[in-house]
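Here's the structure, in structure tokens; my notes come after.
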Amino acid sequence: MQTEKQQHIMGLWKFRDTVPLETLRAVAALWAREPRYIQLYVRKTSKDQIGIGFSYQLLGDESGRQAQDNYFETTSDLLRRKFGNDLVGWDLATPVEIIK
């Protein structure tokens with residue numbers, strides 16, 4: 001049986017470790033209400049950073065670079081307004097090949 005291939009954006013939003021962990025958990029919990037987020041987690045990313053990791057499902061008519069750009073622009077704008085310079089980086093990619 002062949003299943004429909006699902007497209008995702010996966011990545012990590014990175015913040016200074018001075019941002020309270022509870023604040024990042026609250027952001028992830030808010031995003032978790034959106035059914036397109038398949039996975040969300042908060043983790044240490046480097047010596048002085050904490051990140052929100054995610055897998056975000058694209059809709060059937062969305063694909064590739066334009067979908068990633070749309071997601072990035074919307075989400076980064078929201079995070080920059082909320083965190084300012086405490087948003088220190090990101091690592092986002094699509095297409096993603098999920099093995100398991």
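Quick rundown of the values:
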| read-out | value |
| --- | --- |
| Amide H contacts under 5 Å for Val42, placed H, 5+ residues apart | Gly53 |
| Neighbour-count order for Glu97, Glu62, fewest beta carbons within 10 angstrom listed first | Glu97, Glu62 |
| The chain: calculated mean residue ellipticity at 222 nm from DSSP helix runs of at least 4, using -39500 (n - 2.57) | -10000 deg cm²/dmol |
| Amide hydrogen neighbours beyond the local backbone of Val88, cut-off 5 Å, H modeled | Lys14, Phe15, Arg16 |
| ³J(HN,Hα) computed for each position of the stretch 86-100 - Karplus, 6.51 cos²θ - 1.76 cosθ + 1.60, integer Hz, glycine/proline x | 6, 7, 10, x, 6, 8, 10, 8, 8, x, 10, 9, 8, 8, 9 |
| Cα-based equivalent ellipsoid of the stretch 8-93: semi-axis lengths in Å, sorted from largest, via gyration tensor | 22, 13, 11 |
| Proxy reagent accessibility, fewest Cβ within 10 Å first, across Asp69, Asp17 | Asp69, Asp17 |
| The chain: angle of helix 21-31 to the longest principal axis, Cα-based, in degrees nearest 10 | 30 degrees |
| Percent RCO, i.e. relative contact order, over the stretch 8-93, from Cα pairs under 8 Å lying at least 6 residues apart | 45 percent |
| In degrees, nearest ten, helix 64-83 long axis to first principal axis of the chain (Cα) | 20 degrees |
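Each value in this text was obtained by applying a stated rule to the coordinates, not by laboratory testing. The structure displayed is predicted, hence computed values, not measured ones. Cβ coordinates were reconstructed from backbone atoms using ideal geometry, including for glycine residues, and neighbour counts include every protein chain displayed.
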